[in-house]
Amino acid sequence: MIIRQERLEDYDAVYHIVKEAFESAEHSDGNEQDLVVELRKSKSFIPELSLVAVEDGKIVGHILFTKALVQGVEVLALAPLSVLPDYQNKGIGLSLMKEGHGIAHKLGYEYSVVLGHSKYYIKAGYTPASKYGIKAPFEVEDESFMALSLNGSQNKLNGIMEYDKAFGVDIN
Ligand SMILES: CC(C)(COP(=O)(O)OP(=O)(O)OC[C@H]1O[C@@H](n2cnc3c(N)ncnc32)[C@H](O)[C@@H]1OP(=O)(O)O)[C@@H](O)C(=O)NCCC(=O)NCCS
């Protein structure tokens, strides 16, 4: 399996992978594939942080990190993360995150923030974002809104996460 930056010619395959992965997901609004399309067109898009996992020449997974803000500080929003059902539980999701975190660190980002299954993201080092003073702009259980310090700093940001408008989340 290799992980590389997504290319223009991958867009269709990625659309179908995201759709298929989330069809069987526990939590989904059914629009994750369209969110990827919108985010690619946004100012928050970072081409180096839209990655695909390729096995035997076939794209089987995708991860996207986009820019978000906390108290004026640029952080990353990890969403969505998708692995085709037939390829799940082989470490692909974790490998996509690990690769993404390394690139993000090199690009100078301090935090990656994710909303999701705490039991899963803890495996990639995420911890409740409240530890870093990062608050969700919506009601959510503390353990499901998580952050990873990409450079190991414990610097507190103390603010509400502002997602790209493509997420449809307004600060309340
Ligand atoms: C969630 C997802 C990305 C995980 O990718 P993956 O490649 O299957 O995961 P990995 O192989 O890297 O990791 C597998 C481990 O994570 C655990 N895991 C996977 N999904 C989990 C979940 N939803 N909740 C808790 N643990 C989970 C597995 O039990 C396994 O644990 P083990 O190593 O202790 O046996 C993939 O299942 C997927 O695309 N799901 C549908 C879309 C989705 O829900 N995306 C995430 C939104 S928060």
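The values are calculated or read from the model by the stated rules, or taken from the named source; none is laboratory data. No experiment lies behind these values; they were computed from the predicted model shown. Cβ placement follows ideal geometry from the backbone for every residue including glycine, while neighbour counts extend to all protein chains displayed.
Remarks
- Among the residues of segment 53-73, those identified as more than 23 Å from Ser144 (Cβ to Cβ) and either within 13 Å of the ligand (Cβ to nearest atom) or in a strand (DSSP E or B) (or both) are Ala53, Val54, Glu55, Lys58, Ile59, Val60.
- So Phe45, is it free of Cβ contacts under 8 Å to residues at least 24 places away in the same chain and in contact with a strand residue (DSSP E or B) (Cβ under 7 Å, 6 or more places away or on another chain): yes
- Subset tally (residues that are out of contact with any helix residue (DSSP H, G or I) (no Cβ under 6 Å at 6 or more places or on another chain) and touching a residue at least 12 places away in the same chain (Cβ under 8 Å)) for segment 20-34: 4
- Here Tyr132, Tyr120, Tyr111, Tyr87 are screened, and the one residue that is touching a Lys or Arg at 6+ places or on another chain (Cβ under 6 Å) and on the phi < 0 side of the Ramachandran plot is Tyr132.
- Annotation for segment 47-60: no member residue is modelled with pLDDT under 95, within 23 Å of Lys123 (Cα to Cα) and charged (D, E, K, R).
- Only one of Lys98, Lys90 that is under 23 Å from Tyr15 (Cα atoms), basic (Lys, Arg) and within 14 Å of the chain's Cα centre (by Cα): Lys98
- No other residue among Glu23, Glu38, Glu48 is among the acidic types (Asp, Glu) and either in contact with a Ser or Thr (Cβ under 9 Å, 6 or more places away or on another chain) or within 16 Å of the ligand (Cβ to nearest atom) (or both) apart from Glu23.
- Qualifying residue in segment 5-15 (condition: part of a strand (DSSP E or B) and away from the ligand (no atom under 16 Å from the Cβ)): yes
- Residues of segment 24-52 satisfying the condition of being over 24 Å from Leu150 (Cα atoms) and exposed (fewer than 12 other Cβ atoms within 10 Å of the Cβ): Ser24, Glu26, His27, Asp29, Gly30, Lys41
- Selected residue [in contact (Cβ under 8 Å) with a residue 40 or more places away in the chain and closer than 26 Å to Gly159 by Cα] from Gly116, Gly61, Gly102: Gly116
- Verdict on Ser82 being among the polar types (S, T, N, Q), crowded, with 22+ Cβ neighbours inside 10 Å and either modelled with pLDDT under 95 or more than 9 Å from the ligand (Cβ to nearest atom) (or both): no
- The number of residues in segment 89-134 being in a strand (DSSP E or B), among the β-branched types (Val, Ile, Thr) and away from the ligand (no atom under 16 Å from the Cβ) comes to 1.
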